[in-house]
Amino acid sequence: MRKAWSIAAALALVGGPALAADPTGNWLVKDQTAVIRIAPCADALCGTIAWTSQPGLDENNPDPGKRDRPIVGTQIIVGMKPAGGNRWDGEIYNPENGKTYSGHIILLSPDVLRIEGCLLIFCGGENWTRSR
């Protein structure tokens, strides 16, 4: 009995088994002008604009039928699938120019998410912080 208690105490001190990385939730973008909600969608992760300090329409969308829709509720992280470690690969829609890029998200820590969009071999991105 004493040995079992010692093992349980040791596991409690080291935190037990590691938990899988989880990028789902609300993320505040770098300039703090929007919150993106990342959630499961089918067999991937997707991200939708949940709040923005500058509400408006998706007026730069390449589909004329979508240019009158509100920017809040627009999906900008599309089909992110696990790519190993704390990384997911998919597409990123930029409502500022209406273009979609290949990209990825990387969970750097429980409260920091790196998002990167790529054009050919050139990638750029920023870090987002978890919003509670």
*asked:* What do you get for GluC sites (Glu not before Pro) in segment 24-98 restricted to DSSP loop and a cutoff of at most 11 other Cβ within 10 Å of the site's Cβ?
replied: 96
*Which shape class, rounded, prolate or oblate, goes with segment 19-131 when its Cα gyration tensor gives a ≥ b ≥ c as root eigenvalues, a/c under 1.5 marks rounded, and past that a/b bigger than b/c marks prolate?*
prolate
_So if I place +1 on the C-beta of Lys and Arg and -1 on the C-beta of Asp and Glu, and nothing else carries charge, what would the dipole magnitude of segment 19-131 be about its Cα centre? I want it in debye, nearest 20._
100 debye
*Return 89, 58 ranked ascending by Cβ neighbour count within 10 Å, so the fewest neighbours appear first.*
89, 58
*Where does each of 46, 123 land when they are ranked from fewest to most other beta-carbon atoms within 10 angstrom?*
123, 46
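Readers should treat all values here as calculations from the given coordinates under stated rules, not as data from a laboratory. Computed from a predicted model, the values in this text were never measured in an experiment. Every residue, glycine among them, receives a Cβ derived from its backbone with ideal geometry; neighbour counts consider all protein chains shown.
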